[in-house]
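Q: Okay, handing you the structure first.
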Amino acid sequence: MTNQYPELRETGFFFYCSGNVFSFASVCLADGLNQLGIPVFSNIDYEENLISDFKFQSVKNLKFSDQGEPKYIIYDLSSCSIEKPIELVIPSGKIGLALSMSDVVSGCILKNDIPFFCTHYNEFLEVQGWRLPWAFGLSSKMVKSSGYDVSSIDTRKKSIVYNFRPSLSQSVRECLDLILIPHLEKYFTLETEIVGEGRWTETNLERLKRSFGCLAYGGTFSQDLLKNDFFETLEDYSRLYKNFTYLKRTVIDRWDSWRFWESLAAGCLTFHLDFEKYGFKLPVMPNNWEHYIGLNLEDIKGDIERVMDESEKLPIIAANGRKWALEHYSPIAVAERFLSIF
């Protein structure tokens with residue numbers, strides 16, 4: 001793949017962070033590019049050992065005007081705002097693109113006409129700008145952990161990890177608390193303990209590897225508020241929502257999650273919503289009931305009955321999901337896909 005881009009081996013990519021923390025998605029992409037032998041530069045020093053061994057190292061005296069230095073700038077916009085359109089300052093002679101995995105990325109509008117790699121992409125919500133679907137994906141930490149002994153789920157205890165912290169803008173989880181959990185509790189033990197040290201830790205990954213399944217859905221329900229005369233008269237809402245076109249009355253936003261990828265890598269039976277039915281877009285799509293269990297909000301009871309009726313297929317689905325995630329969303333796979341799009 002990199003042999004097709006000899007210039008990139010000489011110049012590499014410059015990652016620009018407007019704050020002091022690079023996003024998970026930027027770390028994974030930069031890690032993959034680095035593993036492919038493509039230089040990665042940045043404006044700040046940053047590392048997160050719980051995600052990856054890769055370290056961003058700043059080049060303080062880098063002058064964008066110099067020949068032989070990065071022509072391509074990747075702007076990490078994970079701290080982006082929805083208050084007003086964002087205009088990036090792209091140096092003359094350079095080519096910019098943006099990446100964001102912000103919870104509010106659907107509300108982030110760029111003035112610049114550049115590619116914008118966005119997580120939480122929903123095909124039923126058209127947003128102004130040149131947008132491309134992206135994913136949280138797998139970190140090096142997840143990939144390494146998945147290389148350890150991962151038993152088939154038919155040898156694990158019949159428990160499902162259900163450890164969501166109460167949060168804002170998670171109406172999908174709240175909804176499924178009401179319509180899914182009562183059905184699951186009839187057949188499985190739910191592990192509700194919240195690991196104190198947070199995500200990406202060995203404790204969390206080890207629990208996933210000994211559990212049958214994991215609830216990994218998330219998101220918030222969204223509607224076009226400008227169809228309500230009250231919101232249309234409010235300047236902030238009017239300015240924001242005029243950038244959106246809703247192709248469905250109700251759309252689910254903010255749906256990607258670390259749990260989804262951690263669960264797949266750990267070989268769990270992974271529960272999410274049906275990607276196809278609800279418009280969730282990834283660069284490479286998983287297949288429902290082949291790689292994960294995609295829930296249908298119109299028939300939750302039927303979904304759980306099918307899980308029990310087809311219990312002999314569940315270890316195969318879990319194994320397929322793990323293989324799919326490792327094949328398409330490891331840092332190297334993500335970097336190769338990025339280069340092919342680029």
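The values are calculated or read from the model by the stated rules, or taken from the named source; none is laboratory data. Being a predicted model, the structure only gives us computed values, none of them experimental. Counting neighbours? That spans all protein chains shown, and the Cβs are built from the backbone with ideal geometry, glycine included. For the accessible areas, the whole protein counts, side chains as well, though only heavy atoms, and no ligand, DNA or RNA atoms are used. Shrake-Rupley method; radii C 1.70, N 1.55, O 1.52, S 1.80 Å.
Q: For LYS71, LYS209, LYS186, give the ranking by accessible area with the largest first, probe 1.4 Å.
A: On the way: LYS71 70, LYS209 20, LYS186 135 Å².
Descending accessible area places them as LYS186, LYS71, LYS209.
Q: As a test question: what accessible area, to the nearest 10 Å², does LYS301 have when a 1.4 Å probe is rolled over all protein chains in place?
A: It works out to around 110 Å².
Q: Give me the orientation-averaged projected area of the Cα convex hull of the stretch 110-185, in nm², one decimal.
A: Values: hull surface 35.2 nm².
Seen from a random direction, the Cα hull of the stretch 110-185 projects 8.8 nm² on average.
Q: Lysines within cross-link reach of LYS301: Cα-Cα under 16 Å, excluding same-chain residues under 8 positions apart?
A: Excluding near neighbours in sequence, the set is LYS186.
Q: Which whole DSSP H helices in the chain pass both tests: a Cα extent of 30 Å or more along the axis and a mean Kyte-Doolittle value no lower than -1.0? All intermediate terms of the calculation are to be shown ahead of the outcome.
A: On the way: long enough: none.
Span-like helices, by this rule, are absent here.
Q: At a probe size of 1.4 Å, how large is the accessible area of ARG254, to the nearest 10 Å²?
A: 40 Å²
Q: With +1 assigned to the C-beta of every Lys and Arg and -1 to the C-beta of every Asp and Glu, and no other charges, what is the dipole magnitude of the chain about the Cα centre in debye, to the nearest 20? Write out the running numbers ahead of the final one.
A: Details: 36 positive and 46 negative charges, 63 e Å.
Roughly 300 debye for the chain.
Q: When ranked by the protection proxy of mean other Cβ atoms within 10 Å per residue, highest first, what sequence do the peptides 7-17, 173-183, 25-35 form? Provide the component values of the computation, followed by the final result.
A: Working: 7-17: 19.0, 173-183: 15.4, 25-35: 24.4.
By packing density, highest mean first, the sequence is 25-35, 7-17, 173-183.
Q: For TRP289, tell me the accessible area in Å² from a 1.4 Å probe, rounded to the nearest 10.
A: So the heavy atoms of TRP289 present about 40 Å² to solvent.
Q: Leaving out ligands, DNA and RNA, what percent of the accessible area of the chain is carbon and sulfur, probe 1.4 Å?
A: Numbers: 7700 of 15850 Å².
Heavy-atom surface of the chain belonging to carbon and sulfur, 1.4 Å probe: 49 percent.
Q: What lysines does LYS323 reach when the alpha-carbon gap must be under 17 Å and sequence neighbours fewer than 8 apart in one chain are set aside?
A: LYS141, LYS144, LYS209, LYS313
Q: So in the chain, which Cys have no other cysteine's beta-carbon sitting under 4.7 angstrom from theirs?
A: Flagged as lacking a Cys partner: CYS17, CYS28, CYS118, CYS175.
Q: Taking N as the number of residues in the stretch 28-140, what value does Rg over Cα atoms divided by 2.2 N^0.38 Å take?
A: Working: Rg = 15.0 Å, N = 113, 2.2 N^0.38 = 13.3 Å.
My calculation over the Cα atoms of the stretch 28-140 gives 1.13.
Q: Here's something else I'd like to know. Per residue, what accessible area does the chain have, given a 1.4 Å probe and all protein chains present, in Å²? Let's see the in-between values first.
A: Working: 15850 Å² over 342 residues.
Dividing the accessible area of the chain by its residue count gives 46 Å².
Q: Going down the table (LYS71/LYS277; LYS71/LYS281; LYS84/LYS281), which pairs top 32 Å between alpha carbons? All intermediate terms of the calculation are to be shown ahead of the outcome.
A: On the way: LYS71/LYS277 40 Å; LYS71/LYS281 29 Å; LYS84/LYS281 25 Å.
Where the Cα-Cα span goes over 32 Å, the pairs concerned are LYS71/LYS277.
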